[in-house]
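Before any comments, here is the structure.
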């Protein structure tokens, strides 16, 4: 996973816990998850728009 071992991930987790605290960590993870979901949805919409635009161009040429 990104060339990180378990030791590096553990250090990152400890730093995040120190910076944000255990109380805010679930909210932070929830907002990160929803952001990733919205990003994936946007990428999928762009791909769909691009493929439908390519089909329209092909229909115009034919």
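Any idea which of 2, 39 is free of Cβ contacts under 8 Å to residues at least 60 places away in the same chain, within 18 Å of the chain's Cα centre (by Cα) and not in a helix (DSSP H, G or I)?
Only one candidate passes the filter, namely 2.
Looking only at the stretch 12-20, decide whether some residue is surrounded by 10 or more Cβ atoms within 10 Å (Cβ to Cβ) and within 17 Å of the chain's Cα centre (by Cα).
no
No value in this document is a laboratory result; all are computed from the given coordinates. Owing to the predicted nature of the structure, the values given are computational and were not obtained by experimental measurement. All Cβ positions, even for glycine, are placed from backbone atoms using ideal geometry, and neighbour counts span all protein chains on display.
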